[in-house]
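Asker: Mind looking over this structure? Questions follow.
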């Protein structure tokens, strides 16, 4: 299926010092999108099928401060859907 893929993330947020290069960020598409997307960890959900969400590794990070605002921008590479491994 052509829609099935994984995507890198671009996150722009209120300025902060919570991230650094190599940090893992979990993106849940239902937070910002329609709830019917489902959980990226659930096989059969739209988010799982389309490769949206999950754990991303921060590869680029920038901060911008001016007189009106402070923003932090992060680019992150997909690592996994964030599935929890079942104990054996």
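Asker: Output the residue which, of all residues in the range 24-52 that are touching a strand residue (DSSP E or B) at 6+ places or on another chain (Cβ under 6 Å) and surrounded by fewer than 16 Cβ atoms within 10 Å (Cβ to Cβ), is modelled with the lowest pLDDT. Reasoning before the result, please.
Answerer: From the range 24-52, those touching a strand residue (DSSP E or B) at 6+ places or on another chain (Cβ under 6 Å) are 24-27, 40; that's our starting set.
Then drop every residue that is not surrounded by fewer than 16 Cβ atoms within 10 Å (Cβ to Cβ), which leaves 24, 26.
Working: 24: 92, 26: 86.
Out of the qualifying residues, it is 26.
Asker: Sticking with this structure for a sec: How about the range 70-88: which of its residues are farther than 13 Å from residue 26 by Cα and either at pLDDT 95 or above or within 10 Å of the chain's Cα centre (by Cα) (or both)?
Answerer: Across the range 70-88, the qualifying residues are 70, 71, 72, 73.
Asker: Turning to a different aspect of this structure: Just name the residue that is modelled with the lowest pLDDT out of those in the range 5-23 that are exposed (fewer than 14 other Cβ atoms within 10 Å of the Cβ) and closer than 13 Å to residue 78 by Cβ.
Answerer: The qualifying residue modelled with the lowest pLDDT is 5.
The values are calculated or read from the model by the stated rules, or taken from the named source; none is laboratory data. Since we're looking at a predicted model, the values are computed, not measured. Cβ: placed from backbone, ideal geometry, glycine included. Neighbour counts: every protein chain shown.
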